[in-house]
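A.B. asks: Structure in structure tokens, see below.
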Amino acid sequence: MKLITHNMLESRVKDCPDDKRFPLGINATKVIEQKVVLNKQFIINILTKIDWEVLLEAIKQIGYNEKIELPLEIPVEIEKDDDLIMKIHHALLEIEIIEGELICQGTGRKFTIKEGIANMLLNSEELK
Amino acid sequence: MNKFLILFRWEMQPFVIPELISCCEMFDINFQIENKEKLINQGIQTPLLWINLPDEESAIKICSRAILIRAIYKIFSDSETFETLVEDLQKKSENEISEMMSNFNSYRIDVINSGKKLTQKHTVETIRKLSFIPFEANHKTVSLKNAEVNFVLINDFFDPEQPNNTSARSIKHVYFGRQISMGQGELKASYSLTERLYIGNTTMAPQLSFLVANQALAKPGTLIYDPFCGTASILISCSHFGSYVMGSDINYKILHAMINSRSKNVKRQKINLKNNKYTQKLSADQIPNIKNTFDQYKMLDRFLDISLVDFTHNCWRKQIEFDAIVCDPPYGLREGSKQLSENKKNLSDQEPTVRSSNYFPAKQQISIPSLIRFLIIFSAQHLKINGRLVFWLPTTSHFSYKDLPRHFCFEILAYSHQNITSNLVRRLITMKKVLDFDPNNSKHYKLINDIENLNQNQMKFKIKTKSKSKSKSKSKSKSKSN
């Protein structure tokens, strides 16, 4: 599971208060890096939907905050800063959590990540 | 505007015009065809169609996407018989000839017989009869393998009144021209399931999934989601055209590549893969699964993620918007449609937090109309404006335009059909989001028409259940209309 996906997912556990559904906490036990081709326009487009604070926190939770240094806020003229776009591309698309868990901040429910696939399926008693 | 001639592949006729329109929309191409409305409603009756396009560049762009176009030609002369065509060509002015001879050194001539099979001998003779065209005088050389320009003579034998008896068909029209570009029919072979690393019992044939990708306007940099991705065949096609793709499914075994398949396709694929260049280079950790299949096609950079999600309890946060949502929902014709069960009897005694990672939650069947309602409302919430929802829907032959599911946020663009059996018709529905979803408007949480009533007559489905064997009665009820 890549950090772009983490930035899109929320917890749907029944007992979770609405303001705690997003973001999910991360406990990563195996992380890999894999270079992929940059599409600058895609990164610029997706940034309008990315929760920047959540991305910074996620990078910290997987222990990459020293490797990837990102500013506290997205600069206004981001499209002129190719270095930063490359870093964001790396953070969103090139880091993959292979084994670990996502943790619902409202209930503590853990969602397993196995073979890079997050298991967001709920049990009967957790359904709304 | 310039006039061009399109030669279509003679298959999946109801999909031809919607695909053409989508390809034009993708590149913002203005086009004109005669009887457009009639063609949209009834489909094409012959494989040849005149089209007005701004320039050759537009024809090349359309061909870079269309699966059902064989080629697009610039026609120099056309007539009712070969003899009158020759007369017409001989009368061409010097200017017209020099236009025909511009910008190339090598050429070849192909003869295409549409609607009839003729011998090689006939083809050779026809080409010989065209030798009066002053190619040599203009220093052009023939090259069969690497011609810069392909000239064509198209013999149109197509006769809708002689659908089966091809030998009875006589020539209707003859065209002579230059091929501008070829369509994408060969994608069918380059994405063939028998060479694909990971497939399942219900993996969609490449031709069908490329049609979905075109209807979804998949293009570089767009974000496309398939909520019932299975082995990701539709996403693979979208990704081929440059889209970034995200998939989810409820089936643990499919996503984790644990399926043990008995399908013929899978057996054939297993044999082929032994001799496949890609698989021979695979290392031990590159097992056949969805991610590695994207790697096989060198599209890993556009594969975002697949996740285990129950679509009816999906977990995308509100702000997330996709450029297109595509799917072939599990209607129970092949794979049963399931959602997580709320049935208390299925309660497990374990705490959720200590369940093992490969715990399989209880699932239950969900009706097709409910599934479609979920899909459309989800799409209303999670598509960009002008974004498209493209999905397959099984119907009966009695299903008509008025039965299509409608929602305030959507406009229906196409509903092409493919006959599966005498009473089972599969439709590819294309909807465009035209209005923002309003969370405070209760009308946006339901469909305009009540598709629950369609169950028996218009929407064909036979849910597979484990306990009951084949039930025939349900799907056989006849409509009273007509």
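The values are calculated or read from the model by the stated rules, or taken from the named source; none is laboratory data. For clarity, every value in this text was computed on a predicted model and none was experimentally measured. Reconstructed Cβ throughout: ideal geometry from the backbone, glycine too, with neighbour counts over all protein chains shown. Side chains included, ligands, DNA and RNA excluded: accessible areas come from the protein's heavy atoms. Shrake-Rupley method; radii C 1.70, N 1.55, O 1.52, S 1.80 Å.
A.B. asks: Determine, yes or no, whether A:Lys110 is surrounded by 15 or more Cβ atoms within 10 Å (Cβ to Cβ), basic (Lys, Arg) and modelled with pLDDT under 95.
C.D. replies: Criteria not met by A:Lys110.
A.B. asks: Another question about this same structure. Can you name the residue in the range A:40-56 that is over 10 Å from the mean Cα position of the chain (by Cα) and open to solvent by 40 Å² or more (accessible area, probe 1.4 Å) and is also farthest from the other protein chains (Cβ to nearest Cβ) among such residues?
C.D. replies: Among them, the one singled out is A:Glu53.
A.B. asks: Which of the numbered conditions does A:Leu3 fail, given that it passes all the others? Conditions: (1) touching a Leu at 6+ places or on another chain (Cβ under 7 Å); (2) surrounded by fewer than 18 Cβ atoms within 10 Å (Cβ to Cβ).
C.D. replies: Going through (1) touching a Leu at 6+ places or on another chain (Cβ under 7 Å); (2) surrounded by fewer than 18 Cβ atoms within 10 Å (Cβ to Cβ) one by one, A:Leu3 breaks only (2).
A.B. asks: Among the candidates B:Leu304, B:Leu300, which residue alone is modelled with pLDDT of 90 or more, within 7 Å of another protein chain (Cβ to nearest Cβ) and either open to solvent by 20 Å² or more (accessible area, probe 1.4 Å) or touching a Gly at 6+ places or on another chain (Cβ under 6 Å) (or both)?
C.D. replies: Within the list B:Leu304, B:Leu300, the selection yields B:Leu300.
A.B. asks: Out of B:Glu37, B:Glu19, report the one residue that is closer than 21 Å to B:Ile429 by Cα, touching a Leu at 6+ places or on another chain (Cβ under 6 Å) and not assigned by TED's automatic domain parsing to the domain that holds B:Asn419.
C.D. replies: B:Glu19
A.B. asks: Something else about it: Report the residue count in the range B:421-458 for those that are modelled with pLDDT under 95, within 23 Å of the chain's Cα centre (by Cα) and basic (Lys, Arg).
C.D. replies: So the answer is 2.
A.B. asks: On to the next question. State the number of residues belonging to the range B:18-44 that are more than 15 Å from B:Arg70 (Cβ to Cβ) and within 14 Å of the chain's Cα centre (by Cα).
C.D. replies: Residues that pass the stated criteria total 3.
A.B. asks: Across the range B:131-157, what is the number of residues that are assigned to a loop (DSSP other than H, G, I, E, B) and hydrophobic (A, V, I, L, M, F, W, C)?
C.D. replies: 6
A.B. asks: Another one. Among residues belonging to the range A:101-127 that are outside any strand (DSSP E or B) and of a type in the set (A, V, I, L, M), point out the one that is farthest from the chain's Cα centre (by Cα).
C.D. replies: A:Leu127
A.B. asks: Please verify whether the range A:34-52 includes one or more residues that are farther than 25 Å from B:Val245 by Cβ and without any contact (Cβ under 8 Å) to a residue 40 or more places away in the chain.
C.D. replies: no
A.B. asks: With respect to B:Lys318, is the statement that it is part of a loop (DSSP other than H, G, I, E, B), facing another protein chain (nearest Cβ under 9 Å) and at pLDDT 65 or above true?
C.D. replies: When the stated conditions are applied, B:Lys318 passes them.
A.B. asks: Only one of these conditions is not met by B:Lys344: (1) open to solvent by 70 Å² or more (accessible area, probe 1.4 Å); (2) of a type in the set (D, E, K, R); (3) at pLDDT 55 or above. Which number is it?
C.D. replies: Of everything listed in (1) open to solvent by 70 Å² or more (accessible area, probe 1.4 Å); (2) of a type in the set (D, E, K, R); (3) at pLDDT 55 or above, B:Lys344 misses just condition (3).
A.B. asks: Also, quick follow-up: From A:Ile74, A:Ile98, A:Ile59, which residue is part of a helix (DSSP H, G or I), surrounded by 14 or more Cβ atoms within 10 Å (Cβ to Cβ) and β-branched (Val, Ile, Thr)?
C.D. replies: Result of the check over A:Ile74, A:Ile98, A:Ile59: A:Ile59.
A.B. asks: Residues in the range B:432-452 that are out of contact with any Asp or Glu (no Cβ under 7 Å at 6 or more places or on another chain) and surrounded by 18 or more Cβ atoms within 10 Å (Cβ to Cβ): how many?
C.D. replies: 4
A.B. asks: Give the residue, chosen from B:Ala218, B:Ala213, that is buried (at least 24 other Cβ atoms within 10 Å of the Cβ), within 14 Å of another protein chain (Cβ to nearest Cβ) and either acidic (Asp, Glu) or under 14 Å from B:Arg65 (Cα atoms) (or both).
C.D. replies: Exactly one of B:Ala218, B:Ala213 is buried (at least 24 other Cβ atoms within 10 Å of the Cβ), within 14 Å of another protein chain (Cβ to nearest Cβ) and either acidic (Asp, Glu) or under 14 Å from B:Arg65 (Cα atoms) (or both), namely B:Ala218.
A.B. asks: So, in the range A:100-128, how many residues would count as being of a type in the set (Ser, Thr, Tyr) and facing chain B (nearest Cβ under 7 Å)?
C.D. replies: Residues meeting the conditions: 2.
A.B. asks: Moving to a separate point now. Tell me which residues, restricted to the range B:158-171, are of a type outside the set (A, V, I, L, M, F, W, C) and part of a loop (DSSP other than H, G, I, E, B).
C.D. replies: Hits for the range B:158-171 are B:Asp159, B:Pro160, B:Glu161, B:Gln162, B:Pro163, B:Asn164, B:Asn165, B:Arg169, B:Ser170.
A.B. asks: When you go through A:Val13, A:Val36 one by one, which is the residue that is touching a Ser or Thr at 6+ places or on another chain (Cβ under 6 Å), surrounded by 14 or more Cβ atoms within 10 Å (Cβ to Cβ), assigned to a loop (DSSP other than H, G, I, E, B) and among the β-branched types (Val, Ile, Thr)?
C.D. replies: None of the other options fit; the residue is A:Val13.
A.B. asks: Going through the range A:3-33 one residue at a time, which ones are under 21 Å from A:Asp82 (Cβ atoms) and facing chain B (nearest Cβ under 8 Å)?
C.D. replies: A:Ile4
Conditions (1) open to solvent by less than 30 Å² (accessible area, probe 1.4 Å); (2) touching a strand residue (DSSP E or B) at 6+ places or on another chain (Cβ under 6 Å); (3) within 30 Å of B:Phe104 (Cβ to Cβ), marked per residue:
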{"position": "B:Leu144", "(1), (2), (3)": "no, yes, yes"}
{"position": "B:Ile154", "(1), (2), (3)": "yes, yes, yes"}
{"position": "B:Phe158", "(1), (2), (3)": "yes, yes, yes"}
{"position": "B:Asn165", "(1), (2), (3)": "no, no, no"}
{"position": "B:Ser170", "(1), (2), (3)": "no, no, no"}
{"position": "B:Leu197", "(1), (2), (3)": "yes, no, no"}
{"position": "B:Ala205", "(1), (2), (3)": "no, no, no"}
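A.B. asks: Ok, one more. If you go through the range B:23-35 one residue at a time, do you hit one that is under 17 Å from B:Phe176 (Cα atoms) and touching a Lys or Arg at 6+ places or on another chain (Cβ under 8 Å)?
C.D. replies: So far as the range B:23-35 goes, no, none of its residues is under 17 Å from B:Phe176 (Cα atoms) and touching a Lys or Arg at 6+ places or on another chain (Cβ under 8 Å).
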